[in-house]
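Visitor: Before I ask anything, let me first share the structure, which is written out below as structure tokens.
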Amino acid sequence: MIDIKSLSLSELEETITSWNEPKYRAKQVFEWLHKHFAEDTGGMSNIPKKLKALLDENFYFPKLEVVDVLCSENDGTKKFLFRLPDSNVIESVFMKYEHGYSVCISSQVGCRMGCSFCASTIGGKIRDLTAGEMLEQIYHISVHENARISNVVVMGTGEPFDNFENFCRFYERISDPNGMNLSGRNITVSTCGITDKIYELADKDYTLTLAISLHAPNDILRQQLMPVARAFTIGNIMKACDYYFEKTGRRITFEYSLIDGVNDSEENARELAHLLKGRNCHVNLIPVNPVKERDYSRSDKQKIQSFKNILEKNGINATIRRGMGRDIDAACGQLRRSYYENKA
Ligand code: SAH
């Protein structure tokens, strides 16, 4: 069955008119789904019973059941563990910033990219999430936290460009003026660098922020950390990023997780500066979140600062990411991992 929240307004119109119902009903239903975050047809008060029954028969509503919520005592970050109807579990993070509320969503159940520092990939990929399942993470949190979400980051479990079509549907629904109407400028998608999809994205007229997980300034080191780097070289990623910037005018973010003694030397910083010089970009330095299955630790404060200084001296804009909700294991995939371990 098709997930009703993944449908565009015109797809809903087509279906609803094919049932000999008036076209305007589609917009009403769309608004229930994407503006009022209806979880089923029950509360759709202006929709006739017969149409509700047809919707129920032909579509399914993406449903998330809360298994666990962890609340950070430091900064109000909340981490949600949700169960899907097929009993898979995914996680999403709700963060409060001075300028508003932000949600970090998962795009797949698990991940097949194999990055060596990441907990999300340990059990591999189980399945893709539908667009509706991506949306529902935001809608659910918005309703239950009674919060207007102003920022969305697709940086949870999964590689969004390995689930590109559903990701695009997700983007088009959440930015739809008849729905939540979130500006693309408030949406960030992070990829490990699947270059053909960067080109495809550049050719759409999306206004989102593209973040590239770089983590190393050269291919040799990158291949040690990220198996996907064997398929996509840094040179090709940079070409794709230049094309993206040319087409969209949107500044690209490069993510660089600093791992003690692995990719955090001054030489690494100089090489990164050289690579990015002249590009309109931003570097997000992330002190690595130690994952217990992995033998990595975070670089000390001084080293992180000097890495940042080298970038800045070379005219490259850099920030150090604040570790939100560290006390609740807010690193990718760690809550989900411990859920499966406890079950086993
Ligand atoms: N698959 C996408 C998005 C999910 S990961 C991607 O690779 O970009 C979101 C970001 O967190 C990526 O930059 C990822 O490399 C980084 N990350 C994963 N595990 C981490 C850890 N243990 N510590 C710090 N950053 C991590």
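The values are calculated or read from the model by the stated rules, or taken from the named source; none is laboratory data. Source: prediction; values computed, not measured. We place every Cβ from the backbone using ideal geometry, glycine too, and count neighbours over all the protein chains shown.
Visitor: So Asp264 passes all but one of these: (1) closer than 21 Å to Thr188 by Cβ; (2) touching a Lys or Arg at 6+ places or on another chain (Cβ under 6 Å); (3) not polar (S, T, N, Q). Which condition number does it fail?
Guide: (1)
Visitor: Which one of these does Pro217 not meet: (1) closer than 19 Å to Asp196 by Cα; (2) buried (at least 16 other Cβ atoms within 10 Å of the Cβ)?
Guide: (1)
Each row is one residue, and each column tells you yes or no for (1) at pLDDT below 95; (2) surrounded by 15 or more Cβ atoms within 10 Å (Cβ to Cβ); (3) of a type in the set (Lys, Arg).
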position: His34; (1), (2), (3): no, yes, no
position: Asp56; (1), (2), (3): no, no, no
position: Phe61; (1), (2), (3): no, yes, no
position: Ser87; (1), (2), (3): no, no, no
position: Tyr97; (1), (2), (3): yes, no, no
position: Gly100; (1), (2), (3): yes, no, no
position: Cys104; (1), (2), (3): no, yes, no
position: Val109; (1), (2), (3): no, yes, no
position: Ala119; (1), (2), (3): yes, yes, no
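Visitor: Please go through region 255-270 and pick out each residue that is buried (at least 17 other Cβ atoms within 10 Å of the Cβ) and either over 26 Å from the mean Cα position of the chain (by Cα) or more than 20 Å from Asn236 (Cα to Cα) (or both). Even if it seems obvious, please write down each step before you answer.
Guide: Within region 255-270, the first condition is being buried (at least 17 other Cβ atoms within 10 Å of the Cβ), and the residues that meet it are 255-259, 262-264, 268-269.
Scanning region 255-270 gives Ser257, Leu258, Ile259, Val262, Asn263, Asp264, Asn268, Ala269.
Visitor: Further question: Within region 222-252, take every residue that is polar (S, T, N, Q) and surrounded by fewer than 19 Cβ atoms within 10 Å (Cβ to Cβ) and give me the one that is farthest from Lys204 (Cα to Cα). Explain how you work it out, then say what you get.
Guide: Of all residues in region 222-252, those polar (S, T, N, Q) come to 223-224, 233, 236, 248.
Checking which are surrounded by fewer than 19 Cβ atoms within 10 Å (Cβ to Cβ) leaves us with 223-224, 233, 236.
Values: Gln223: 30, Gln224: 33, Thr233: 24, Asn236: 20 Å.
Result: Gln224.
Visitor: Restricting to region 150-194, name every residue that is in a strand (DSSP E or B) and either acidic (Asp, Glu) or buried (at least 18 other Cβ atoms within 10 Å of the Cβ) (or both).
Guide: Restricting attention to region 150-194, the residues satisfying the condition of being in a strand (DSSP E or B) are 150-154, 187-191.
Those that are in a strand (DSSP E or B) and either acidic (Asp, Glu) or buried (at least 18 other Cβ atoms within 10 Å of the Cβ) (or both): Asn151, Val152, Val153, Val154, Ile187, Thr188, Val189, Ser190, Thr191.
Visitor: Moving on to the next point. Pick from His140, His144: which is under 21 Å from Gly76 (Cα atoms), of a type outside the set (Asp, Glu) and modelled with pLDDT of 95 or more?
Guide: Details: His144 fails: modelled with pLDDT of 95 or more.
Exactly one residue qualifies, and that residue is His140.
Visitor: Next question, about the same structure. Take Ser257 and tell me if it is at pLDDT 95 or above, under 17 Å from Asn218 (Cα atoms) and small (Gly, Ala, Ser).
Guide: Working: at pLDDT 95 or above: yes; under 17 Å from Asn218 (Cα atoms): yes; small (Gly, Ala, Ser): yes.
Yes, satisfied.
Visitor: Touching a residue at least 24 places away in the same chain (Cβ under 8 Å), away from the ligand (no atom under 16 Å from the Cβ), closer than 29 Å to Ser183 by Cβ and in a helix (DSSP H, G or I), is that true of Tyr243?
Guide: On the way: touching a residue at least 24 places away in the same chain (Cβ under 8 Å): yes; away from the ligand (no atom under 16 Å from the Cβ): yes; closer than 29 Å to Ser183 by Cβ: yes; in a helix (DSSP H, G or I): yes.
So Tyr243 fits the description; yes.
Visitor: I would also like to ask the following. Would you mind stating whether Tyr139 is touching a residue at least 60 places away in the same chain (Cβ under 8 Å) and either over 25 Å from Lys27 (Cβ atoms) or away from the ligand (no atom under 16 Å from the Cβ) (or both)?
Guide: Values: touching a residue at least 60 places away in the same chain (Cβ under 8 Å): yes; either over 25 Å from Lys27 (Cβ atoms) or away from the ligand (no atom under 16 Å from the Cβ) (or both): yes.
When the stated conditions are applied, Tyr139 passes them.
Visitor: Further, regarding this structure: For region 70-124, which strands (runs of 3 or more DSSP E) that fit wholly inside it have 1 or more residues that are among the acidic types (Asp, Glu), within 16 Å of the ligand (Cβ to nearest atom) and in contact with a helix residue (DSSP H, G or I) (Cβ under 7 Å, 6 or more places away or on another chain)?
Guide: Numbers: elements: 78-83, 89-97, 100-104, 108-110.
Fully inside region 70-124 and qualifying: 89-97.
Visitor: Would you mind finding the one in Ile212, Ile220, Ile304 that is assigned to a helix (DSSP H, G or I), touching a residue at least 24 places away in the same chain (Cβ under 8 Å) and out of contact with any His (no Cβ under 9 Å at 6 or more places or on another chain)? Talk me through it step by step, then tell me what you get.
Guide: On the way: Ile212 fails: assigned to a helix (DSSP H, G or I); Ile220 fails: touching a residue at least 24 places away in the same chain (Cβ under 8 Å).
Exactly one residue qualifies, and that residue is Ile304.
Visitor: Filter region 142-165 down to residues that are more than 9 Å from the ligand (Cβ to nearest atom), of a type in the set (A, V, I, L, M) and closer than 23 Å to Ser257 by Cα, then give me how many there are. Explain how you work it out, then say what you get.
Guide: Initially, region 142-165 is screened for residues more than 9 Å from the ligand (Cβ to nearest atom), giving 142-152, 163-165.
Narrowing the set further to residues that are of a type in the set (A, V, I, L, M) leaves 143, 147, 149, 152.
Remaining after also requiring closer than 23 Å to Ser257 by Cα: 152.
Going through region 142-165 one residue at a time, the tally reaches 1.
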